[in-house]
Amino acid sequence: MTADLLETAMLVAFGFAWPANILKTLSNRSTAGKSLSFLLIVVAGYVFGLSAKFIRGHLNYVAFFYALNLILVLADTILYFHYRRLERAEAALKKQESTD
């Protein structure tokens with residue numbers, strides 16, 4: 001029980017960072033300062049943690065926090081791909097305009 005509370009506290013602490021990260025991405029409309037490899041490593045970590053809960057048959061409230069954090073990181077990752085695509089399109093347009 002104590003281990004579950006401590007694990008939940010860790011997940012909640014990490015979880016507070018993701019909404020702030022998502023809001024920063026939305027307000028900047030940019031991937032500046034973002035690392036795709038970091039996001040994917042964090043996604044993998046949450047998937048591994050959630051998988052361990054399933055394998056052990058230990059699905060309790062802690063699994064909810066793994067899933068919530070995973071959803072938040074996936075949302076940030078989707079925003080990364082969205083804004084990266086827009087940045088590349090804008091760069092290509094600027095390049096085309098400079099050659100015209």
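Read the figures in this text as sums done on the coordinates, not as results from a lab. Small disclaimer: the values here were computed from a predicted structure and weren't measured. For neighbour counting, all protein chains shown are included, and Cβ atoms are generated from backbone atoms with ideal geometry for every residue, glycine included.
Here is how the numbers come out for the structure above:
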item: Total formal charge among the other residues, if their Cβ is under 12 angstrom from that of residue 39, Lys/Arg +1 and Asp/Glu -1; result: +1
item: At q = 0.12 Å⁻¹, base-10 log of I(q)/I(0) for the chain (Debye sum, equal scatterers on each alpha carbon); result: -0.49
item: Helix 36-56 vs. the chain, principal-axis angle (Cα, 0 to 90°, nearest 10); result: 20
item: Mean ellipticity per residue at 222 nm, deg cm²/dmol - from DSSP H runs of n ≥ 4 across the chain, formula -39500 (n - 2.57); result: -30000 deg cm²/dmol
item: Per-residue Cβ neighbour rank within 10 angstrom, fewest leading, 76, 4; result: 4, 76
item: Cα-based helix-to-principal-axis angle, 2-15 vs the chain, degrees rounded to 10; result: 10
item: FRET efficiency, residue 35 to residue 1 (Cβ-Cβ, R0 41 Å, nearest 0.05); result: 0.70
item: With Cα atoms, 0 to 90° folded angle of helix 61-99 axis to the chain main axis; result: 10
item: HN-Hα J in Hz across the stretch 18-29 - Karplus 6.51, -1.76, 1.60, θ = phi - 60°, x for Gly and Pro; result: 6, x, 5, 5, 5, 4, 5, 4, 5, 6, 7, 6
item: Packing-based order for 29-38, 11-20, using average beta carbon neighbours within 10 Å, highest first; result: 11-20, 29-38
item: Extension reserve of the residue 93-residue 9 stretch, reckoned as 0.36 nm per residue once the Cα distance is removed; result: 25.6 nm
